[in-house]
Structures are given as C-alpha cells and as structure tokens.
C-alpha cells in the first residue's frame, strides 16, 4: 500500500468510497455526504491509500478554523476506507499519516468527531493516540436509536511525530499490517 497526496484523477474513487463507506450507524449524513475539497487558504491535506493502482481509502485533515485563537488546532474532517479494505490497517495508516501531516504543519492538537455507534473507529483512534475529550449524549437518532457524538483529540505533546514516519508518498509496509483499522 502507498500513501500519497490526492491527485486530480482520484476524486471519482474518493466519491465512490465516500458513498459506500458509510452506514446510518457510522455517519448521520448517510447518502448525502459531499466530498470535501479545500476551498480556502487554510492549510489542508487529502491523503489517499492506494493499492494495486486503486484508491482504497482517504483522509482529509485541515486547520480547524481561520480564527487566530485556535490556529494550532487541526481537524481530521473525514476518513473513509472502502468496505473491501477494512480491518487491514488502512484506516490506521491514514490516521497516522494525518497526524504526521498535522505535526509537520506545526499544529499542537488534532480533533475529530465519531459516533458512539462506531466503536471500531473509536478504538482505532484511541490506538493512534486520540482520547475522548467530550460527549454530546443522544446527539443523533439513527433508526430510532440514540447515538452520542464523541469529540476526540490528539495532543502533540502526548503523541510526538514518529521517528521513522513515512512521507505521504512512501508508506512503510509495517504501517499497513497494524491492528485497529477502520
């Protein structure tokens, strides 16, 4: 598997993954999600996972807001892995690549949200150094069942850059085989 920055020809595959990766349990916007494309001057990155010439996952990370008071905060906006490639380390590799990107941009904190009805993703984020920072109880109701919206954070001082971190263009094979993928 190779991790690299998104290229113009990748957007069709990203849209397909975005559409097939979500279920009502994992994302409240099921069927209506739009693929994020940076439209501002804020630092951002979209990193794709490619295997056998095929995009199998992506992660989008950007500065959280343009407000100067939280300029040190990045947001992992979206991560999705094609269903055929889940539980193979792709999500973990993409999350670690997003962390490496954020630390390389001098961010001190990365935030994300995940629904409590997606415990596999929560566990993967925790394995990558994220912790639950806040919980909005009953924020979503999917098929009549309430689900909490979990706010998670990763702090640079607690999760320093990996010494042998691969650049987005060259993922080390050991990053792909680790446990805890989405």
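The values are calculated or read from the model by the stated rules, or taken from the named source; none is laboratory data. Please read these numbers as outputs of a predicted model, since none were measured by experiment. In this analysis, Cβ positions are derived from the backbone assuming ideal geometry, glycine residues included, and neighbour counts consider all displayed protein chains.
Entry remark, the range 130-147: residues being modelled with pLDDT of 95 or more and surrounded by 16 or more Cβ atoms within 10 Å (Cβ to Cβ) number 1 in total.
The requirement of being assigned to a helix (DSSP H, G or I) and within 17 Å of residue 131 (Cβ to Cβ) is not satisfied by residue 110. Restricted to the range 40-82, the set of strands (runs of 3 or more DSSP E) holding at least 3 residues that are in contact (Cβ under 8 Å) with a residue 60 or more places away in the chain and either under 15 Å from residue 92 (Cα atoms) or touching a helix residue (DSSP H, G or I) at 6+ places or on another chain (Cβ under 7 Å) (or both) comprises 44-51, 73-81.
When restricted to residues that are within 22 Å of residue 70 (Cβ to Cβ) and in a helix (DSSP H, G or I), the range 96-107 contains 7. Would you say residue 3 is part of a strand (DSSP E or B), under 29 Å from residue 146 (Cβ atoms), in contact with a strand residue (DSSP E or B) (Cβ under 7 Å, 6 or more places away or on another chain) and at pLDDT 90 or above? In short, no. Among the residues of the range 123-130, is any in a helix (DSSP H, G or I), more than 18 Å from residue 160 (Cα to Cα) and touching a residue at least 12 places away in the same chain (Cβ under 8 Å)? Scanning the range 123-130, I find at least one residue that is in a helix (DSSP H, G or I), more than 18 Å from residue 160 (Cα to Cα) and touching a residue at least 12 places away in the same chain (Cβ under 8 Å), so the answer is yes.
Residue-by-condition table, conditions (1) surrounded by fewer than 20 Cβ atoms within 10 Å (Cβ to Cβ); (2) at pLDDT below 95; (3) closer than 19 Å to residue 11 by Cα:
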site: 83; (1), (2), (3): yes, yes, yes
site: 99; (1), (2), (3): no, no, no
site: 105; (1), (2), (3): yes, yes, no
site: 109; (1), (2), (3): yes, no, no
site: 117; (1), (2), (3): no, yes, no
site: 120; (1), (2), (3): yes, yes, no
